[in-house]
Amino acid sequence: MAYVSIADRDHEIEHHDPQTFITKYIWSQDHKVIAIQYGLTAIFVGLIALALSVMMRLQLGFPDSFSFITPESYYQFVTMHGMIMVIYLLTALFLGGFGNYLIPLMCGSRDMVFPYMNMLSYWVYLLSVIILLISFFVPGGATGAGWTLYPPQAIAPGTPGIELGIILMLASLAVFIVAFTMGGLNYVTTVLQARCRGMTLMRLPLSVWGIFMATILGLLAFPALLVSAIMMLLDKTILTSFFMPAMISAGEQLSHTGGSPVLFQHLFWFFGHPEVYIVALPAFGIVSDILSTHARKNIFGYRMMVWAILAIGGLSFIVWAHHMYVSGMNPYFGFFFATTTLIIAVPTALKVYNWVLTLWQGNIHLRVPMLFAIGFIFTFIHGGLTGIFLGNVVVDLPLSDTYFVVAHFHMVMGVSPVLVVFGAIYHWFPKMTGKMYNETLGKWHFWMTFFGTYSIYLPMHYLGFLGVPRRYFSMGTTDFMPESAHTLNTSITISAIFVAVTQLIFLYNMIVSLRSGKKSDPNPWGAATLEWQTPDNPPKHGNWGHHLPEVHRWAYDYSVPGYPDDFIPQNVPASAEAPAGRDHGIHH
Amino acid sequence: MPLAVALIVLVVGSLIFHFMSPWYFTDLASNWSQIDTTIDITFWVTGFVFVAVNLFMAYAIIKYRNKDGAKADYDPENAKLEWILTVVTTIGVAAMLAPGLFVWAKFVNVPDDAIEIEANGQQWHWSYRLPGDDGQFGNVNGKLITNDNPFGMDADDPLGQDDVLVTSPEVHIPINVPVKFNLRSKDVLHDFAVAQFRVKMDLVPGMETYLWLTPTKLGTYELLCEELCGIGHHTMRGAVVVDEQADFDAWVDSYPTYAETQAAAAGNAAVGAAQYAVCAACHGQNGEGQKALNAPKLAGQSAWYLKSQIKNYQNGLRGARDDDPLGKTMAPMARTLATDAAINNVIAHIQTLPDNPAPSTVTGVESNGAKMYAICAYCHGKEGQGIQAMNAPRLAGMTDWYLANQIKNFKAGIRGEHPTDYYGKQMGFMAKAMQDEQAVNDLVAYINSL
């Protein structure tokens, strides 16, 4: 049977508008509503994780000053902060949030290919969040094993939350992965099958490319986490020994024998390293689109950018053991993984060059989304370069397990993607809500967040050089730590509190603008991508009214010579353009 | 425009911070100067990229910021430029990777003349084993580990008889001799890390890992566990002392071989009874303790703990500070027990004394104390019974006013601050986390209820 694309069958498909409040906003199958559900839930748990980080910084900055921070609760804060931020905030927000919102709109589709499964994906995600949050309140509390959950310590006496906390953590992860898989299959299928006419793969905006590749990484990587979570659950509950060797606890022999703690680390990082790019690639894509739109200039080297996304995605599966240089694995692995890790720096560097070259000879409008996008380039350069220290196996020896690692991954995987998240929220706020945010408050939010986070993490690298270990409840007197290092810790804590409080400006801006912001123009930035060309603003269910759009050009026709406007939307036919049309926008 | 200025300020500020920072690598005390060289190369390459790309970006923002009537250039691709950037980046990456791999090859291959020392990790202590005169380690097996055989030595292995067992968190190594540390863990993951040596490696239960170094500077270096190992992770500290060869040899000789530990005679309670007369003056005829004389109860306390504390008094780890007058009265008493045998005899006698719970004298809110005790229980046991493997003495049923005093001493740094009192330092960490006297009383009140 001949294949007929979904776009070509659009007129045969009946479109039902949801009728009731419940089907419209609660059990909604509309990708835009699901995106906002995902986004709000992720931001909600993200705020909890932010509060947890403030608590741990209080202990580090002012040791022994707060009776509610014990070693137990400290390690619980550390663990839950990390896990929530990486999985339940960033992964969920970029893919479940932005992926859901942008893919159908940018591809010119009416919705995800499987709307019902898309709805289930959100509700299962919410279930995983609820299970996670319950673990704070069970006897013994949440797990304090560190977000990496390394066995034996994650399920052995001496660690908080080995009663129920760890079980709920592992169960929540398994449920999250189910949710992610339902969403992820949808995103991939929609990108491949439901693009509108004329939307070839090489005309896709980079946001879609980034989210698409990240989703593929997730579909391949999360199963490794799933099996490790299940095996650890078995080790914990029915005393199997997948990861548990024979060991002593408080002088008594435990019943485990023969398991391998290092095996867990391989499985974990086989997931964990692609996870970095599951967060980074959507950020790469989104930031490319924001830069291009607000610089009024095509993204520089589009094809190179697409290939770099694919190359980074592929390479991300063969670098995982650079997290394990000092884990006790066979040391000869170091040669291989250091080499692959430094190779991945090349396509990543090219992306940075291309962002900066996009600004070159542009017409740069420094609106709030652009400020965040350029701020991202700065922090990402910083975090990427410190990654080269840790990727180079001998340099990792002194720095591994120190604050240098903490500073590095917060710079590259915390601050950088979060700046993109903010930039993206400001950028698409007019589309999602039909309202305009307050520009002044947005700028204040940027400046305070940007400087604040840098003043947290730049000095933190130097604690790492000094050799200060991470995951220490308190330093006490450590002979190589001068008193000034403790003062530095205090100042980092003050910066962290400052940044946390600053986020109230963002929340205030969002809430007030949503209620009483000015009505926004349907395409306030003059963007060329399809989501700005919808007949309604915000787009209604089905996105496109009676007729699907048809695409005639790439996503970056900005400032085309001879054309009166400084942008040409993707759905404008070539004939409407004065001089010779540029199909792919690429000179041949 | 402010953004471009901000970027320039951040670049310049980062450079100033880097060059002015008092927080930087510790002075190297091992042969791994090549690691430092690789770091320097990495700094130059990455530093150049950081400055160049960011300043270029700032320049672009200034030059091409939106102006009335301005229009951007239309310039989708520039294959030549992209190739040049690819090649230059690859060269820069290779310049960092190549020396790195070269040095790593040295780290992986241990020199043939390296001496071997085994470092053992457990929650939250270090101990060590040396191969003895035959230069070979005897078999060990985790299944054989007991309180009396903390290393899990195989009694039938002749190679193990002369192994030297160091039950202290402090290890010595000889200067300018390559040392290979064989790393083993009894329970969870740990990590052997000394900042001044640069190298580190995890300890993994069920397998043996290693690292090697040649110490180049005499001194005492703090050993830290750097792999999260539970709530006591931050207290898992030790020391590596770099000695001249002769001092190292003397240090080795000061520890018993496995055979010697097996042959050590049990104490003689009858002989000890006579010596105990001195103790009885304060601690009471039955070791029940006397508050009026500030003497704690001894009866029922475990032998290993009594022995370690008598040694601490003898060696100045306790009772040597002017702000510890009570400890100072005990120190000379401890020194009257001149030999190990004498100590063992007295303790053997104390073990025969009736163990009646001491009367409660401290009052506090038990429920508050119960919450705090959750942390204590990790080492001292849920019933406060004490756990030898955790180096944690019995608390329940002992004199409570003494317990409260000692917690305050730990908190105030009167006890646990001596540089070689590693176990005391751990307790200091815990005591300092307690907020005030009321918290101490609440805790002790709960321990009274156990």
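Working only within the range B:424-439, note down all residues that are over 21 Å from B:Asp322 (Cα atoms), touching a residue at least 40 places away in the same chain (Cβ under 8 Å) and assigned to a helix (DSSP H, G or I).
Within the range B:424-439, B:Gln426, B:Phe429, B:Met430, B:Gln438, B:Ala439 qualify.
Residues of the range B:18-47 being more than 34 Å from the chain's Cα centre (by Cα) and either more than 10 Å from chain A (Cβ to nearest Cβ) or surrounded by 15 or more Cβ atoms within 10 Å (Cβ to Cβ) (or both), which ones? Can you show your working first?
Of the residues in the range B:18-47, the ones more than 34 Å from the chain's Cα centre (by Cα) are B:44-47.
Selection gives B:Trp44, B:Val45, B:Thr46.
Pick out the one residue from A:Ser513, A:Ser520, A:Ser575, A:Ser559 that is polar (S, T, N, Q) and surrounded by fewer than 18 Cβ atoms within 10 Å (Cβ to Cβ).
Details: A:Ser513 fails: surrounded by fewer than 18 Cβ atoms within 10 Å (Cβ to Cβ); A:Ser520 fails: surrounded by fewer than 18 Cβ atoms within 10 Å (Cβ to Cβ); A:Ser559 fails: surrounded by fewer than 18 Cβ atoms within 10 Å (Cβ to Cβ).
The unique qualifying residue is A:Ser575.
For the range B:207-222, what are the residues that are surrounded by fewer than 16 Cβ atoms within 10 Å (Cβ to Cβ) and assigned to a strand (DSSP E or B)?
B:Gly219, B:Thr220
Out of the residues in the range B:72-86 that are hydrophobic (A, V, I, L, M, F, W, C) and within 24 Å of A:Trp307 (Cα to Cα), which is nearest to the other protein chains (Cβ to nearest Cβ)? Steps first, answer last, please.
So the first thing to find is which residues in the range B:72-86 are hydrophobic (A, V, I, L, M, F, W, C), and the list is B:72, B:79, B:81, B:83-85.
Then drop every residue that is not within 24 Å of A:Trp307 (Cα to Cα), which leaves B:79, B:81, B:83-85.
On the way: B:Ala79: 9, B:Leu81: 8, B:Trp83: 10, B:Ile84: 10, B:Leu85: 5 Å.
Residue satisfying both the conditions and the ranking: B:Leu85.
If A:Leu441 satisfies every condition in (1) of a type in the set (A, V, I, L, M, F, W, C); (2) farther than 27 Å from A:Pro369 by Cα; (3) over 22 Å from the mean Cα position of the chain (by Cα) but one, which is the exception?
Every listed condition holds for A:Leu441 apart from (2).
Since A:Lys443 meets every condition but one in (1) surrounded by fewer than 24 Cβ atoms within 10 Å (Cβ to Cβ); (2) touching a strand residue (DSSP E or B) at 6+ places or on another chain (Cβ under 8 Å); (3) within 14 Å of chain B (Cβ to nearest Cβ), which condition does it not meet?
Going through (1) surrounded by fewer than 24 Cβ atoms within 10 Å (Cβ to Cβ); (2) touching a strand residue (DSSP E or B) at 6+ places or on another chain (Cβ under 8 Å); (3) within 14 Å of chain B (Cβ to nearest Cβ) one by one, A:Lys443 breaks only (2).
Check the range B:58-71 and report whether any residue there is closer than 13 Å to B:Ile8 by Cβ, free of Cβ contacts under 8 Å to residues at least 40 places away in the same chain and facing chain A (nearest Cβ under 8 Å). Let's see the steps before the verdict.
We begin by selecting, within the range B:58-71, every residue closer than 13 Å to B:Ile8 by Cβ; these are B:58-62.
If we keep only those that are free of Cβ contacts under 8 Å to residues at least 40 places away in the same chain as well, we get B:60.
Still in the list and also facing chain A (nearest Cβ under 8 Å): B:60.
Taking every residue of the range B:58-71 in turn, at least one turns out to be closer than 13 Å to B:Ile8 by Cβ, free of Cβ contacts under 8 Å to residues at least 40 places away in the same chain and facing chain A (nearest Cβ under 8 Å).
Looking at the range A:189-217 only, could you name the residues that are small (Gly, Ala, Ser) and surrounded by fewer than 24 Cβ atoms within 10 Å (Cβ to Cβ)? Talk me through it step by step, then tell me what you get.
First, the residues of the range A:189-217 that are small (Gly, Ala, Ser): A:194, A:198, A:207, A:210, A:214.
A:Ala194, A:Gly198, listed by residue number.
Is the range B:169-178 home to any residue that is under 15 Å from B:Gln122 (Cβ atoms), more than 9 Å from chain A (Cβ to nearest Cβ) and touching a helix residue (DSSP H, G or I) at 6+ places or on another chain (Cβ under 6 Å)?
yes
What strands (runs of 3 or more DSSP E) completely inside the range B:77-190 contain at least 2 residues that are closer than 30 Å to A:Tyr556 by Cβ and not assigned by TED's automatic domain parsing to the domain that holds B:Val252?
Working: elements: B:115-122, B:125-130, B:164-166, B:170-174, B:179-185.
In the range B:77-190, there are no strands (runs of 3 or more DSSP E) which contain 2 or more residues that are closer than 30 Å to A:Tyr556 by Cβ and not assigned by TED's automatic domain parsing to the domain that holds B:Val252.
Quick one: what pairs do we get from the range A:287-304, first residue within 11 Å of chain B (Cβ to nearest Cβ) and more than 20 Å from A:Met202 (Cβ to Cβ), second acidic (Asp, Glu) and assigned to a helix (DSSP H, G or I), C-beta under 7 Å, 6+ apart or different chains?
Every condition considered, no pair remains.
Looking only at helices (runs of 4 or more DSSP H) that lie completely in the range A:1-117, which have at least 2 residues being of a type in the set (Phe, Trp, Tyr)?
Numbers: elements: A:31-61, A:71-83, A:100-107.
Result: A:31-61, A:71-83.
Does B:Gly121 fit the bill of being touching a residue at least 40 places away in the same chain (Cβ under 8 Å), among the small types (Gly, Ala, Ser), facing another protein chain (nearest Cβ under 7 Å) and touching a Leu at 6+ places or on another chain (Cβ under 9 Å)?
Numbers: touching a residue at least 40 places away in the same chain (Cβ under 8 Å): yes; among the small types (Gly, Ala, Ser): yes; facing another protein chain (nearest Cβ under 7 Å): no; touching a Leu at 6+ places or on another chain (Cβ under 9 Å): yes.
In short, no.
Considering (1) within 13 Å of another protein chain (Cβ to nearest Cβ); (2) crowded, with 20+ Cβ neighbours inside 10 Å; (3) closer than 19 Å to A:Val420 by Cα, say which one A:Met481 fails and leave the rest.
Only one criterion in (1) within 13 Å of another protein chain (Cβ to nearest Cβ); (2) crowded, with 20+ Cβ neighbours inside 10 Å; (3) closer than 19 Å to A:Val420 by Cα is unmet by A:Met481, namely (3).
Check A:Ser172, A:Ser135, A:Ser121 and return the single one that is more than 14 Å from chain B (Cβ to nearest Cβ), over 22 Å from the mean Cα position of the chain (by Cα) and of a type in the set (S, T, N, Q). First the steps, then the outcome.
Values: A:Ser172 fails: over 22 Å from the mean Cα position of the chain (by Cα); A:Ser121 fails: over 22 Å from the mean Cα position of the chain (by Cα).
Of the residues listed, the single one that is more than 14 Å from chain B (Cβ to nearest Cβ), over 22 Å from the mean Cα position of the chain (by Cα) and of a type in the set (S, T, N, Q) is A:Ser135.
State the number of residues belonging to the range A:543-556 that are buried (at least 21 other Cβ atoms within 10 Å of the Cβ) and either out of contact with any helix residue (DSSP H, G or I) (no Cβ under 8 Å at 6 or more places or on another chain) or assigned to a helix (DSSP H, G or I) (or both).
So the count comes out to 1.
Which residues, taken from the range A:484-498, are free of Cβ contacts under 8 Å to residues at least 24 places away in the same chain and either over 23 Å from B:His233 (Cα atoms) or facing chain B (nearest Cβ under 8 Å) (or both)?
Across the range A:484-498, the qualifying residues are A:Ser484, A:Ala485.
Out of the residues in the range A:389-409 meeting the condition of being of a type in the set (A, V, I, L, M, F, W, C) and out of contact with any Gly (no Cβ under 9 Å at 6 or more places or on another chain), tell me which one is surrounded by the fewest Cβ atoms within 10 Å (Cβ to Cβ).
Here is the first cut: in the range A:389-409, the ones of a type in the set (A, V, I, L, M, F, W, C) are A:389-390, A:393-395, A:397, A:399, A:404-407, A:409.
Now drop any that are not out of contact with any Gly (no Cβ under 9 Å at 6 or more places or on another chain), which leaves A:389-390, A:397.
Details: A:Phe389: 24, A:Leu390: 20, A:Leu397: 24.
Per the stated criteria, the residue is A:Leu390.
Residue check: is A:Met213 more than 14 Å from chain B (Cβ to nearest Cβ), in contact with a Leu (Cβ under 9 Å, 6 or more places away or on another chain), more than 29 Å from B:Cys379 (Cα to Cα) and in a loop (DSSP other than H, G, I, E, B)?
Spelling it out, it is not the case that A:Met213 is more than 14 Å from chain B (Cβ to nearest Cβ), in contact with a Leu (Cβ under 9 Å, 6 or more places away or on another chain), more than 29 Å from B:Cys379 (Cα to Cα) and in a loop (DSSP other than H, G, I, E, B).
Which fully enclosed helices (runs of 4 or more DSSP H) of the range A:349-445 have 1 or more residues being within 30 Å of B:Ala193 (Cα to Cα)?
Details: elements: A:368-391, A:393-399, A:403-410, A:416-433.
Result: A:368-391, A:393-399, A:403-410.
Which residues, taken from the range B:134-173, are buried (at least 20 other Cβ atoms within 10 Å of the Cβ), under 21 Å from the mean Cα position of the chain (by Cα) and more than 22 Å from A:Ala250 (Cβ to Cβ)?
B:Val164, B:Val171, B:His172, B:Ile173
Tell me which residues, restricted to the range A:243-268, are closer than 14 Å to B:Ser185 by Cβ, assigned to a loop (DSSP other than H, G, I, E, B), in contact (Cβ under 8 Å) with a residue 60 or more places away in the chain and within 7 Å of chain B (Cβ to nearest Cβ).
Those that are closer than 14 Å to B:Ser185 by Cβ, assigned to a loop (DSSP other than H, G, I, E, B), in contact (Cβ under 8 Å) with a residue 60 or more places away in the chain and within 7 Å of chain B (Cβ to nearest Cβ): A:Pro245, A:Met247.
If I ask for residues that are at the interface with another protein chain (Cβ under 9 Å from one of its Cβ atoms) and within 14 Å of A:Tyr454 (Cα to Cα), which ones from the range B:1-17 would you list?
Those that are at the interface with another protein chain (Cβ under 9 Å from one of its Cβ atoms) and within 14 Å of A:Tyr454 (Cα to Cα): B:Ala6, B:Leu7, B:Leu10, B:Val11, B:Gly13, B:Ser14, B:Phe17.
Any idea which residue in the range A:468-478 is farthest from the other protein chains (Cβ to nearest Cβ), counting only those that are surrounded by fewer than 21 Cβ atoms within 10 Å (Cβ to Cβ) and β-branched (Val, Ile, Thr)?
Ranking the candidates gives A:Thr477 first.
The values are calculated or read from the model by the stated rules, or taken from the named source; none is laboratory data. All of these numbers come straight from a predicted model, not from anything done at the bench. Methodologically, a virtual Cβ is constructed for each residue, glycine included, from the backbone with ideal geometry; neighbour enumeration extends over all protein chains shown.
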